[in-house]
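A.B. asks: Sharing a structure with you now.
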Amino acid sequence: MKILVTGGCGFIGSHFIRVVLSEHPDWDILNLDALTYAGNLLTTMDFQTSPHYRFIYGSITNKELLERLIPGVDAVVNFAAETHVDRSIADVEPFIMTNILGTQRLIDVCRKNGTRFHHVSTDEVFGSLGPDDPKSNEFTPYDPRNPYSATKAASDHLVRAALHTHGLKATISNCTNNYGTHLYPEKFLAIAVTNVIDGKPIVIHGDGQQKRDWIHARDHARGILSILLNGKIGETYMMAGDTDITIADTGRLLLKVMGLSDNLLVFMNDRPGQDRRYAIDHGKIERELGWTPQVSLEQGLAEMVDWYRRNQDWWRPIKDSAGYCVWYKEQVQNIKNQI
Ligand SMILES: NC(=O)c1ccc[n+]([C@@H]2O[C@H](COP(=O)([O-])OP(=O)(O)OC[C@H]3O[C@@H](n4cnc5c(N)ncnc54)[C@H](O)[C@@H]3O)[C@@H](O)[C@H]2O)c1
């Protein structure tokens, strides 16, 4: 089996490559990544030298490149995306280019070559749930509420359109918030862990009562692999970590794991477009493919803290560089202006 992974220098794509290399050491993996600010060759250090792995620098929007690569592979797994909500609020164009146009170009070339395609998507396409709403499932209507999730929703629709119109051999997965090692330090849990390592507070947007269901990226990667192997063409599968927990309580749990008290939590203005609750019912993938999340939040956070403590060369240059989180920096500047 030879697969093309897109976006494998990012957070979840790199976890997927690790899982594939360990569970199927005879598979060949091509990793196509445009090395945007979120892509990092250091993230792939532990498998870069594997004889079954090859990195290709390039964009999923480059159709000529896709036309050269895809005829030689059995399947394409698409992780490549612009993923940070705050950045999509500041400038949506790169999201439209990669998440929508790039996905369509992958679809076109896969369709032409009859190549199996798996598209990685998010629970954010379902919008915000009320406190008593049932969890989202495969039948929940889409209701994206920020520019990032709108572009992901568009890409899901394009995959389904190609499936029905052209017989694209595709599956889709929608998953809740991921965490784990190699998480870019502009996402909440990576900022939180690295702040606390530096003796700084964990900053919570708004009242901290927004609910999230955290899943470890390794569990997500295992689920995608099982869909690729045994999923039914045309189907969508949902994944979650079974940790319906508020952001404030997530911060408290992290502090507990690090042996510290709650007074390191601080609350600041909510960002625009912040959804109150995401939650996913993963019953279908459990019933049909036997997948369930394995890593508890406490265990995953402890592993994450240990990794960020031991890999400061990975995150310090990113966190110290300008613009790692545009909205956060603006908020800090606003606060400074008010003082
Ligand atoms: N992070 C989450 O919590 C989460 C949850 C559910 C679904 N997802 C989805 O999983 C996928 C991966 O997310 P992530 O958190 O690993 O993202 P990430 O931002 O960490 O990594 C994205 C990767 O894609 C690459 N990339 C961006 N544009 C590209 C292009 N045009 N061509 C090729 N490569 C490009 C980047 O260089 C980077 O390596 C995304 O599709 C995202 O929507 C993420």
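The values are calculated or read from the model by the stated rules, or taken from the named source; none is laboratory data. It should be emphasised that the depicted structure is a prediction, and the values quoted were computed from it without experimental measurement. Here Cβ is always computed from backbone atoms with ideal geometry, including for glycine, and neighbour counts include all displayed protein chains.
A.B. asks: Can you tell me which condition residue 193 does not meet? The list is (1) hydrophobic (A, V, I, L, M, F, W, C); (2) without any contact (Cβ under 8 Å) to a residue 60 or more places away in the chain; (3) farther than 27 Å from residue 171 by Cβ, and all the others hold.
C.D. replies: With (1) hydrophobic (A, V, I, L, M, F, W, C); (2) without any contact (Cβ under 8 Å) to a residue 60 or more places away in the chain; (3) farther than 27 Å from residue 171 by Cβ applied to residue 193, the lone miss is (2).
A.B. asks: On to the next question. Which residues, counting only those in segment 113-140, are over 19 Å from residue 184 (Cβ atoms) and touching a helix residue (DSSP H, G or I) at 6+ places or on another chain (Cβ under 8 Å)?
C.D. replies: Those that are over 19 Å from residue 184 (Cβ atoms) and touching a helix residue (DSSP H, G or I) at 6+ places or on another chain (Cβ under 8 Å): 113, 115, 116, 117, 118, 119, 125, 127, 136, 137, 138, 140.
A.B. asks: Right, something else. If we keep just the residues of segment 87-134 that are within 12 Å of the ligand (Cβ to nearest atom) and not in a helix (DSSP H, G or I), which is surrounded by the most Cβ atoms within 10 Å (Cβ to Cβ)?
C.D. replies: Ranking the qualifying residues of segment 87-134, first place goes to 119.
A.B. asks: Just one of 222, 212 is surrounded by fewer than 23 Cβ atoms within 10 Å (Cβ to Cβ) and either farther than 21 Å from residue 276 by Cα or within 21 Å of the chain's Cα centre (by Cα) (or both); which is it? I'd like the intermediate steps shown before the answer.
C.D. replies: Working: 212 fails: surrounded by fewer than 23 Cβ atoms within 10 Å (Cβ to Cβ).
None of the other options fit; the residue is 222.
A.B. asks: May I ask you to list the residues in segment 59-77 that are over 20 Å from the mean Cα position of the chain (by Cα), within 10 Å of the ligand (Cβ to nearest atom) and not in a helix (DSSP H, G or I)?
C.D. replies: 62
A.B. asks: Let me ask you something else. Which residues, counting only those in segment 146-184, are more than 13 Å from the chain's Cα centre (by Cα), assigned to a loop (DSSP other than H, G, I, E, B) and of a type outside the set (D, E, K, R)? Show your work before the answer.
C.D. replies: Here is the first cut: in segment 146-184, the ones more than 13 Å from the chain's Cα centre (by Cα) are 146-147, 150-151, 153-172.
Within this subset, residues satisfying the condition of being assigned to a loop (DSSP other than H, G, I, E, B) are 146, 167-169.
Selection gives 146, 167, 168.
A.B. asks: Checking the conditions here, which among 41, 21 is at pLDDT below 95, more than 23 Å from residue 113 (Cα to Cα), surrounded by fewer than 23 Cβ atoms within 10 Å (Cβ to Cβ) and out of contact with any strand residue (DSSP E or B) (no Cβ under 6 Å at 6 or more places or on another chain)?
C.D. replies: Numbers: 21 fails: at pLDDT below 95.
None of the other options fit; the residue is 41.
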